[in-house]
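Below: one structure, written as structure tokens.
Only the coordinates and a few stated rules stand behind these numbers; no lab work does. From a predicted model like this one, the values you see are computed outputs, not experimental measurements. Here Cβ is always computed from backbone atoms with ideal geometry, including for glycine, and neighbour counts include all displayed protein chains.
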Amino acid sequence: MPITQNKKRIRVQHIVGNGTAQVDIMRNIQLPARARKIVDIHAEIVELDYEIIPNKIIIKGALHKQVYYVEEGDYIVKEFTIMREEFTDFVHIQGARPDMEAMLDGHILFVNTNPANGEFPTDLLYQVAVLAVDVKVIETMTLDVVTDAYGDGITVQKAPFSVECLIGAAEKQSTISAEHMLCKPARKIYDMEAVCRDLDYEVLPGRVIVRGTLHKQIYYVDACDDTVQAQSFDNEFSVVLDVPGAKPDMEVYTRCRMEFCEAKLMGPQPCNMVKANAILQVSVKVTELTKMNIVTAVEGALVDRCRIRVEDIIGRKCSQQNVNQAIDVNAPLDVNNMLVKSTKNMTACVRNVSYEKICNKVIIKGTIHVQVYYVACNCEQELREASADIPFTTVVNFDCINEDTMIRCRERVEYTDAKLEGCPCETSKIRAVAILEICVCAFQTRDFMVVTNVCTNGVCNTQPLPEPMPEPEKPEKPEEEECPIGGYTYEVKAGDTLAKIAAAFQTQVPGITWQQIARFNNIYAPYALNIGQILRIPCVAGKG
């Protein structure tokens, strides 16, 4: 009697290897004015990317920071933005190849600033930031695994299999355009930088909506005194990506990369209106938790087997945490007898998250940093700030948690509110309320030897698999132009800027930035170009 076997087709992410890079960023920060104290520092890892070479993953990224400080002789909180502090590091992973993929997860372990000269007031700060970037190299494999087999003289061994199966992936370019009003009339635009921040997503049937904030910094030349001024703007954006098979309960991995950005004055010089354009590359990967029993061995028959290494998911659970605390605006030593007239808004972010595994439980601890903005009871309408670090602890119950179990946490602030504790101008306290969503995934990295086919006496009787959905035909890509050794050359013309030149070479060198052109040609601030100057345009990795 021939053997009858049941199969299921799955797409799994085979783990080639993983590792962690610790990145230390230490530098001096020059503030635009002398500060008598630092109120807060908000730091975020942006533009996290990678390049795989044999057995090694090159990690690239930038640290985006906002420093909130009080100027000497003043009580008003001011903000200073450091758009990008670039960093590069690597992780050695045996077996990694350029045709594989990597998944990165960056965390800020510690960030702090102190006066560079040892005391306040000062306009020079010394920063210490410690980052951790977790790297996982994966290879997507499509397998027809045997879930059961029947026949005379055979004995089947099975094992429970719980893994994230890849449902689909998509990427899309999106152009974000917005008009902004500058504080001062500008003679010309000097430069613009932009980064994606606060990425979040929503899964709908067959599609994923990625939301985020585009943070822009526009540098312009003041028409009055020819000084270079900087002004920041934020725009929320949404990008819809079609992922057939996506469902609301699935897991999503998102990325956002800045392809190009520029700013132009909208009228005769001098002008206050500027139009900012940015091109984003947004990509998503959707996975679904799949649980089944798979055949790992068959006695009495010949089998084909394949070894895979995957994250064996123990479970995924989410919980909500209500954080509620009163903040006294007179808590700082340099603020006295301040009463609150009204609250404006409140922001919150989760920091310093850690977890502890005990028997059948995961304890998550962290701090939510809240900043409330308010108007004091005086003749001025200046917006003031008060902040606090509120600790929280939550418990998620899991069965079969042990020391070998790995934990992955995802936290986000779902709701914030700030209300007066009492009547206006009679209280100095503000009640800060925040609701957090904390999701915990417990898993173990396991090697499975899965059976992909069972035969006996050279005869197999396999139940047919459903026909896979045909993939849409992709237009043939034109043959890529071979990049010359040493890069392209370009002669500077009247009206050229590095940003315009980078935009003109996007077809030959996709993703080239003006900063790369500047570094390649040893051009430094103020990045002046001369008509007739010959520039070399570097090739991206993989060309030339």
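Given +1 on the Cβ of Lys and Arg, -1 on the Cβ of Asp and Glu, and no further charges, what dipole in debye does the chain carry about its Cα centre, rounded to the nearest 20?
220
By how many nm would the segment from K78 to N360 lengthen if fully extended, with 0.36 nm per residue of separation less the alpha-carbon distance?
96.8 nm
At a 10 Å Cβ-Cβ cut-off, how would you order H107, H369, fewest neighbours first?
Starting with the residue having the fewest Cβ neighbours, the order is H107, H369.
Quick check for you: which residues of the stretch 430-447 have the amide N under 17 Å from the point 7 Å beyond the Cα of M406 toward its beta carbon?
Inside the label zone: 440-447.
What area, in nm² and to one decimal, does the C-alpha convex hull of the chain cast on average over all directions?
32.1
D200 to K158: extension gain in nm, 0.36 nm per residue of separation minus the Cα-Cα distance?
11.3 nm
So for the chain, taking the charge dipole from beta-carbon charges (+1 Lys/Arg, -1 Asp/Glu), which of C400, V91, Q533 sits furthest toward the positive end?
After comparing all options, I get C400.
Output wanted: per-residue J couplings in Hz (rounded whole) for the stretch 227-234, from phi through Karplus 6.51 cos²θ - 1.76 cosθ + 1.60, θ = phi - 60°, x for Gly and Pro.
In residue order, the calculated couplings are 7, 8, 9, 10, 9, 9, 9, 10 Hz.
Rounded to the nearest Å, what's the spacing between the alpha carbon centres of the stretch 388-403 and the stretch 200-256? Just the number, please.
What the calculation gives is 31 Å, centre to centre.
Could you work out the per residue convex hull volume over the alpha carbons of the stretch 315-445, in cubic angstrom?
With only Cα atoms used, the stretch 315-445 gives 106 Å³ per residue.
Over the stretch 121-238, how many pairs of lysines fall under 27 Å by alpha carbon, counting only those 8 or more apart in sequence or from different chains?
Value for the stretch 121-238: 4.
May I ask which of K291/K357; K65/K317; K275/K500; K341/K419; K60/K317 have a Cα-Cα span longer than 21 Å here?
As for pairs spanning more than 21 Å Cα to Cα, those are K291/K357; K65/K317; K60/K317.
Using only C-alpha atoms and all pairs of different ones, pull out the Kirkwood radius for the stretch 225-364 in Å with one decimal.
Computed over the stretch 225-364, the radius equals 23.7 Å.
Which residues make up the longest stretch of the chain clear of chymotrypsin sites (Phe, Trp or Tyr not before Pro) that lie in a DSSP loop with no more than 14 other Cβ atoms within 10 Å, not counting the sites?
Here the longest run is 76-523.
So what are the radius of gyration and Dmax for the Cα set of the stretch 488-537, in Å?
9.9, 27
What residues from the stretch 503-538 fall in the zone where the backbone N is under 13 Å from a label point 7 Å along the Cα-to-C-beta line of T88?
Those under the cut-off are 516-517, 519-520.
Normalized C-alpha radius of gyration of the stretch 11-140, against 2.2 N^0.38 Å?
Normalised by 2.2 N^0.38 Å, the Cα Rg of the stretch 11-140 equals 1.33.
How high is the FRET efficiency from A230 to K291, r the C-beta distance, R0 56 Å, rounded to 0.05?
0.60
Evaluate Rg over Rh across the stretch 281-380, taking Cα atoms for both radii and Kirkwood's formula for Rh.
1.28
When D304, D447 are ordered from fewest to most other Cβ atoms inside 10 Å of their Cβ, what list results?
Going from sparsest to densest Cβ surroundings: D447, D304.
Per DSSP H run of n ≥ 4, the term is -39500 (n - 2.57); total these for the chain, divide by its residue number, and report the mean residue ellipticity at 222 nm rounded to 500 deg cm²/dmol.
Taking each H run of at least 4 residues, the total per residue is -500 deg cm²/dmol.
Mean 1/r over all different Cα pairs, inverted: what Kirkwood radius does the stretch 76-203 give, in Å?
22.4
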